[in-house]
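**Student:** For reference, the structure I am asking about is given below.
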Amino acid sequence: MTSAEPRAIVLIGPMGAGKTSVGKRVAKRIGRPFRDTDAMIVREHGPIADLFALHGEAHFRSLERDAVAEALRSGGVVSLGGGAVLDETTQRRLRNHQVALLTVAPRVVARRLGEAASRPLLAGDDETPIQRWERIYAERRPVYESVADATFDTSSGPLENIVTAIADWAEPAADPSGVTS
């Protein structure tokens, strides 16, 4: 991060944790722009499931790394795809930003995930989508926790309570001058 680069508020976590829904509301609450790296990739390159099918996960992760870098340069509130934090370059970039881990209980995520076909990592015949989700989350959780500055559970309660908690936590970083009261 250069001195001219704004500090972003970055939401990380597993599929179905609500990073996009929460991120949009946090950005609106604190008056900052919102960027979703998965949406950036889809706009530029097409559906993620197609990218996985046609070019493989490694190609997608390369596009994702570039989208994360672009979003972080712009500041604001940034929602990362669930696997973006696995990239070591992305992990280094996140050190200069305020990172919130959104968690969610498996019983809740089962309702949120809906059609697994749109989520390539949940497709397959060896496990159910929720079993795959639980395995992927367990594998990634140490990385999520190592890069996160704070954790917010999205499993229950009104979404606005989570938005308020994150906005209150992020408030010092929301001031681009870096001055806190």
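**Student:** What is the Cα radius of gyration of segment 29-85 over 2.2 N^0.38 Å, N being its residue count?
**Tutor:** Working it through for segment 29-85, the quotient is 1.15.
**Student:** Using a 1.4 Å probe, how large is the accessible area of E70, given in Å² and rounded to the nearest 10?
**Tutor:** 100 Å²
**Student:** With a 1.4 Å probe and every protein chain left in place, tell me how much accessible area K24 has, in Å² to the nearest 10.
**Tutor:** Approximately 120 Å² of K24 is accessible to the 1.4 Å probe.
**Student:** Starting from the Cα of A58, step 7 Å toward the Cβ, then list every residue of segment 82-104 with an amide N under 15 Å from that point.
**Tutor:** Label zone hits: none.
**Student:** Let me ask something else about it. Once you have the Cα-Cα distance between T20 and D168, take 0.36 nm times their residue separation minus that, and quote the gain in nm to one decimal.
**Tutor:** Value of the extension gain: 51.5 nm.
**Student:** How much net charge surrounds E44 when only the other residues with a Cβ under 12 Å from the Cβ of E44 are counted, with Lys and Arg +1 and Asp and Glu -1?
**Tutor:** Local charge sum for E44: -3.
**Student:** Run the accessible area of segment 1-64 with a 1.4 Å probe and give the carbon-and-sulfur part as a rounded percent.
**Tutor:** Heavy-atom surface of segment 1-64 belonging to carbon and sulfur, 1.4 Å probe: 52 percent.
**Student:** Send over a whole-number figure in Å² for the accessible area per residue of segment 1-88, probe 1.4 Å.
**Tutor:** With all protein chains present, segment 1-88 gives 45 Å² per residue.
**Student:** Binning at 10 Å from 0, report for segment 1-60 what percent of all alpha-carbon pair distances ends up in each bin.
**Tutor:** Using 10 Å bins, I get a P(r) of 19, 38, 33, 10 for segment 1-60.
**Student:** Could you tell me the calculated FRET efficiency between T128 and A105, based on Cβ-Cβ distance and R0 = 25 angstrom, to the nearest 0.05?
**Tutor:** Step by step, r from the Cβ atoms, then E = 0.95.
**Student:** For a quick protection proxy, order the peptides 136-143, 162-169 by their average other-Cβ count within 10 Å, most packed first.
**Tutor:** 162-169, 136-143
The values are calculated or read from the model by the stated rules, or taken from the named source; none is laboratory data. Values in this document were obtained by computation on a predicted structure and should not be read as measured data. Cβ coordinates were reconstructed from backbone atoms using ideal geometry, including for glycine residues, and neighbour counts include every protein chain displayed. The area values use the complete protein model at the heavy-atom level, side chains included, leaving out ligands, DNA and RNA. Shrake-Rupley method; radii C 1.70, N 1.55, O 1.52, S 1.80 Å.
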